[in-house]
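First the structure, in the form of structure tokens, and then the observations on it.
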Amino acid sequence: MSALHFSRHPKISSLLAGALACTLVLLVHAGDAQQHLFDEEPVQEQAGGLCSYEGVELDGQVQTDLVREPDILFMSADWMIVQHGQERRMLSLKREDDVIVECRLANTVRCRAAAGPPDFIGLPQALDITRCTESSCDADPVPPSGMSKSSIAGAMMYYGGSEPPRIVNIGVSAFATPRWFTSRVTGVKVDDVDYNPDKIAAAPCFGSVVSPAVCSTVSRGRDFLEARKSGTIDILILDPDDDSMNVPVCQRSVEFFKLVRSKMSDVGVVVWEVWPHDGPMKHLRSMVQGLNLTEGQLLLSYADTGNVVVIARLMPIQYALNTTDTKKIKLGRTDLWVRTLQQEDSGIIGQTIGVSSAGLQELELWQKELFDDKLYMPLHATKFWQDGGDIDRDDEECSPWQDLGQEEPLERCVTTTTTTTTT
């Protein structure tokens, strides 16, 4: 049993719980409005279902799964936690007139033992975190999602430091980042950040993170980074979204990535999980400009969910490019010429930074499964790198940032007395 620290720990109000109970009654009549994750065709709901979504099985096969009311452990205006066999899943919700019109699989953990009764109706009726503590999940540190594996492996492959990394994860992914790192890397420090208090409050639904070296904070990512001392982040994993499931402009602009670069160490890595239909070329040009990247420092890979995993290694790259090993890939609606990196070009995962033998085996396996012939480097002689292309800029909602932050890793949890203990 271990404490997971929080800088803020909100609860769902009884008013929201009552509204949600009313919403559930209406949902069974909303079948015509349901949508698949990967297309725009309406999906007819099966009898008794609340919504359907595309789920990714462990073997990579995609199937449509149905949410029934007895499957739900936790629910807010924007998120839902459901049990599917031994998997516990977080779904993002899109509503119209207070009715759910789309469910989208966001994150998954695999419980190593059967979690709870087959029907959760017998648990406390309010759809809050007490249902998760009554039905605990012994979560496997190895994430079932290829996207999470790609993010962790990419970060560790190209981190160039000699000490355990200081990690910031913006946009919690069922707490996959702290769970793997704290169980596999000695001396690591992880700050988990999300603007949505419901996602932070849902930590007990996904099992315990058995390390005091984890601090979970309710904050917008940009605000958190502004408060951080420069040069104190080694690995930054970005998976932010707003209520419409898009990346907020204030966290994808050139100005945002200039802020990111000021907070990163010179041996650091930035990993960004990007939805391929959400203007990826425009976003990545902004990342290249803001981080001041050159050819060879930006890498791309596709996860099993269809997301693009972007790896920006901040150390200068020094090797001769094999310009004959090139191909054209699709990035959103754009053709992009890339070089396919072979295994000998990939980063070396060292034991000197405290990675356990189990962690090394997993990283080597993921590198082979996810990156061999699937890790791409955009070539410089393409329009991707040319000036004049569309980029994201701060709009009126983005406050100009100043590099005045002095916070150290985990500092927000040093003085807090609020903790949550799970099993």
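The values are calculated or read from the model by the stated rules, or taken from the named source; none is laboratory data. Please read all numbers here as calculations on a predicted model, not as lab measurements. Positions of Cβ are generated from backbone atoms using ideal geometry, with glycine treated the same way; all protein chains shown enter the neighbour counts. These area figures cover heavy atoms from the full protein model, side chains too; ligands, DNA and RNA do not enter into them. Shrake-Rupley method; radii C 1.70, N 1.55, O 1.52, S 1.80 Å.
Here is how the numbers come out for the structure above:
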{"item": "Identity of the residue in the stretch 184-224, open to solvent by 10 Å² or more (accessible area, probe 1.4 Å) and of a type in the set (Gly, Ala, Ser), that ends up nearest to Lys263 (Cα to Cα)", "result": "Ser219"}
{"item": "Selected residue (criterion: farthest from Ile81 (Cα to Cα)) from residues of the stretch 96-128 that are at pLDDT below 75 and either charged (D, E, K, R) or part of a strand (DSSP E or B) (or both)", "result": "Asp119"}
{"item": "Residue satisfying all of: in the stretch 166-202; in a helix (DSSP H, G or I) and under 15 Å from the mean Cα position of the chain (by Cα); nearest to Val109 (Cα to Cα) among these", "result": "Ala176"}
{"item": "Top-ranked residue in the stretch 285-335 [being part of a strand (DSSP E or B) and charged (D, E, K, R); ranked as modelled with the highest pLDDT]", "result": "Arg313"}
{"item": "Condition met for Ala227 (touching a residue at least 24 places away in the same chain (Cβ under 8 Å) and over 21 Å from Trp275 (Cβ atoms))", "result": "yes"}
